[in-house]
Structures are given as structure tokens and as C-alpha cells.
Amino acid sequence: MTDHIISVKNLYHTYQSGPLQKAALLDITMEIERGSCAAIIGITGSGKSTLVQHFNGLLRPTSGTVAVDGVNVQARGGDLKVLRQRVGMLFQFPEAQLFEHTVYADVAFGPRRLKLSKREVRTRVLQALETVGLPPHTYAQRSPFELSGGQRRRVALAGVLAMLPKILVLDEPTTGLDADGRTEFYYYLQRVQQKDGVTVILVSHDMSEVATLADQLFVLHNGRLVMQGTPRAIFGQGNILHQWGLTEPPLSELLIQLHKQGLAIPLDVFTLEEALHALQEIETTRHEKENV
Ligand code: ADP
């Protein structure tokens with residue numbers, strides 16, 4: 001039986017700013033499986049941020065329901081507090097919010113506010129730093145401002161992990177990082193998902209990123225959920241995302257072009273390894289035919 005950590009039913013959200021109303025989400029129904037990585041994709045203004053802000057009660061539905069790990073987000077008081085602890089949010093450029101003198105103090109900031117014992121805070125901070133690949137003996141006492149951009153972002157991630165979230169929501173997590181910083185960030189993110197069983201929700205418009213990381217894609221357009229499926233199912237349908245203003249990962253685009261030109265390459269291939277394998281097979285078949 002599938003275990004849905006998030007269930008959204010007929011969710012509408014309308015922003016009210018003075019006399020103006022802006023319908024940002026319209027009739028969204030979706031489910032996210034526990035322990036999976038889900039990506040919410042869509043062009044700017046499609047409703048991605050509005051949707052994920054419902055997952056920890058930052059926004060309330062105008063109508064419809066959102067249940068997160070058994071808690072209804074319309075809850076108030078105690079339940080809302082529980083919800084905020086269960087759902088860690090990492091917004092864009094989170095390193096801008098690092099302000100303590102040491103990496104340790106920054107990661108400890110959240111757990112300290114939970115009034116945990118000093119020992120418990122310490123355990124959480126050390127574990128979180130290990131998880132994001134910043135060994136405490138080297139990094140804990142350093143200033144976050146001496147670190148590289150990618151390392152600073154991982155300090156911010158450690159700060160969220162130290163709250164022991166069950167769900168991690170990341171809004172465009174690798175924007176502004178160089179290629180190495182991005183690869184490292186993905187590596188540690190996947191580790192969090194696999195090692196700690198955290199459900200990861202990624203808001204992104206980088207199709208290569210979601211092709212590598214996500215188990216399930218949810219495509220938003222003008223506040224509506226217009227498509228959902230695995231990356232394989234969606235990217236395997238050719239240029240289907242163009243109608244929503246999105247483009248396939250560069251690799252998929254290349255394969256679509258080759259396919260159009262008559263190369264018998266399957267279109268549901270979207271990782272480099274699979275593409276190499278498929279091309280090798282084509283080459284072997286051609287070779288065999290030539291030698292008959
Ligand atoms: P995305 O994250 O996909 O860029 P958003 O959820 O930020 O989209 O925005 C969805 C729509 O809601 C957009 O039209 C945006 O202008 C509007 N919107 C977002 N935040 C507010 C707000 N605080 N007040 C009014 N309208 C908003």
C-alpha cells in the first residue's frame with residue numbers, strides 16, 4: 001500500500017491585496033509518497049512557491065484541504081508548531097541568512113530555540129554537519145563567511161536538518177552555485193533522502209536537476225496542476241513540456257533530435273549512462289548487420 005506523507009485535495013489559493021484578488025492555485029489535487037523526491041516544476045508565476053508554502057502552514061488554503069503527515073494544515077496552535085518542525089524549508093539563497101560567528105552556532109540556532117539540552121543540541125549539530133559533508137572537527141569553529149558558496153549553502157542545509165525534519169522543501173536549491181557546488185549539493189541531498197528517509201520536495205525550473213533527482217514530477221501552469229508522472233514518463237514523450245513553457249533536459253532534447261533524424265534511440269532515456277548504453281547497443285547492432 002502506498003503511504004502518502006502529503007495529500008492535497010481541491011486546493012484553491014487566492015491572494016487578497018486590497019481590492020485586488022489573484023487566484024494563484026486552482027483546484028490542485030495531488031499526493032506525495034513518503035520517502036520520495038518530488039519536484040514541483042513550472043515557469044515563474046505558475047504557483048510553485050504558493051503551493052509549497054501550504055506544506056508547513058505558512059499559507060492557508062482559501063478552500064480545499066492539505067494534510068501533511070496526518071496533520072491538517074488548517075490546524076492552529078500546537079499542531080501548527082508540530083507541523084513547522086516536521087517540515088524544513090530551505091528558500092533561495094539560504095546562506096544569506098547565516099549570521100553567527102561560527103558554523104556550529106549557526107547550525108545550533110534552531111535546535112537551541114527548541115529548548116533541548118546542550119548535549120542534544122550538540123549531537124544534532126555534529127550529525128547534521130557530518131551529513132552535509134562538513135566534518136565538525138574541521139568546520140564547526142570556522143566562520144561561515146570563510147567558506148565557499150557551496151559550503152555555505154550546505155551549512156544552511158545542516159541548520160534545517162538539525163531540526164530533524166521528516167519533509168524537506170527546497171526552493172531552487174542550487175541557483176547561483178557553480179557546477180561543482182551543484183553536484184556536491186545533489187550528492188548530500190540524496191544522502192539525506194536515502195540515509196534518513198526524509199521526503200524531499202524540490203521546486204525547480206532546472207530540468208536536468210529534476211531529471212537526476214526526482215521520482216515524481218508535478219507540472220504547474222497558471223495555478224493548475226497540468227501534468228504529473230515520473231521523469232521517464234514525462235521526458236519520454238518528446239517535446240510535451242513546451243506547451244507549458246518548459247524545455248526538456250538538454251540530453252533529452254539531443255536524443256529527440258537524433259530520433260527525428262532516424263536514429264533508433266528510445267526516447268525514454270534521460271540519463272547520460274542510459275544514453276551511452278543505448279548508443280552502444282545501436283552501434284553493436286549496426287556492426288552485426290554489416291558482418292552478416
Ligand atoms: P512561482 O513560485 O511559480 O514563481 P508564485 O507562487 O510565486 O509562483 O506566484 C503565483 C502567482 O501568485 C503569481 O501570479 C504571483 O504574482 C502571485 N503572487 C505570489 N505571491 C503573491 C502575494 N503575496 N500577493 C499577491 N499575489 C501574489
Which fully enclosed helices (runs of 4 or more DSSP H) of the range 125-228 have 3 or more residues being closer than 30 Å to D27 by Cα? 207-213
(1) crowded, with 16+ Cβ neighbours inside 10 Å; (2) outside the structural domain of L217 (by TED's automatic domain parsing); (3) not aliphatic (A, V, I, L, M); (4) not in a strand (DSSP E or B) all hold for S46 apart from (2)
All but one of (1) of a type in the set (D, E); (2) outside the structural domain of Q190 (by TED's automatic domain parsing); (3) closer than 30 Å to L177 by Cβ hold for E95, so report the exception by its number. (2)
In this structure, is E248 of a type in the set (D, E, K, R), modelled with pLDDT under 85 and within 16 Å of the ligand (Cβ to nearest atom)? no
Is it the case, given these coordinates, that A67 is in contact (Cβ under 8 Å) with a residue 24 or more places away in the chain and either more than 21 Å from W244 (Cβ to Cβ) or part of a loop (DSSP other than H, G, I, E, B) (or both)? yes
Note: among T183, T230, T175, T247, just one is over 29 Å from D3 (Cβ atoms), of a type in the set (S, T, N, Q) and free of Cβ contacts under 8 Å to residues at least 24 places away in the same chain, namely T183
Which pairs do you get when a residue that is farther than 14 Å from D69 by Cα, found in the range 196-207, comes within reach of a residue that is hydroxyl-bearing (S, T, Y) and more than 15 Å from the ligand (Cβ to nearest atom), reach meaning Cβ atoms under 7 angstrom, with the pair 6+ apart or on two chains? M207/T247
Name every residue in the range 245-292 that is assigned to a helix (DSSP H, G or I), within 29 Å of the chain's Cα centre (by Cα) and among the aliphatic types (A, V, I, L, M), in order of residue number. L251, L254, L255, I256, L272, A275, L276, A278
Considering only residues that are out of contact with any helix residue (DSSP H, G or I) (no Cβ under 7 Å at 6 or more places or on another chain) and surrounded by 19 or more Cβ atoms within 10 Å (Cβ to Cβ), look in the range 54-76 and name the one that is farthest from V160 (Cα to Cα). P61
Just one of Q151, Q141 is in the same structural domain as P173 (by TED's automatic domain parsing) and out of contact with any Leu (no Cβ under 9 Å at 6 or more places or on another chain); which is it? Q141
Tally of residues being in a helix (DSSP H, G or I) and either among the β-branched types (V, I, T) or over 22 Å from E273 (Cβ atoms) (or both) across the range 229-240: 2
Residue selected from the range 44-63 under the condition within 7 Å of the ligand (Cβ to nearest atom) and β-branched (V, I, T), by the criterion nearest to K9 (Cα to Cα): T50
Any idea which residue in the range 22-43 is farthest from the ligand (Cβ to nearest atom), counting only those that are in a loop (DSSP other than H, G, I, E, B) and not basic (K, R)? G35
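The values are calculated or read from the model by the stated rules, or taken from the named source; none is laboratory data. On a predicted model such as this, the values are computed, not experimentally measured, just so you know. All Cβ positions, glycine included, derive from the backbone under ideal geometry; neighbour counts span all protein chains shown.
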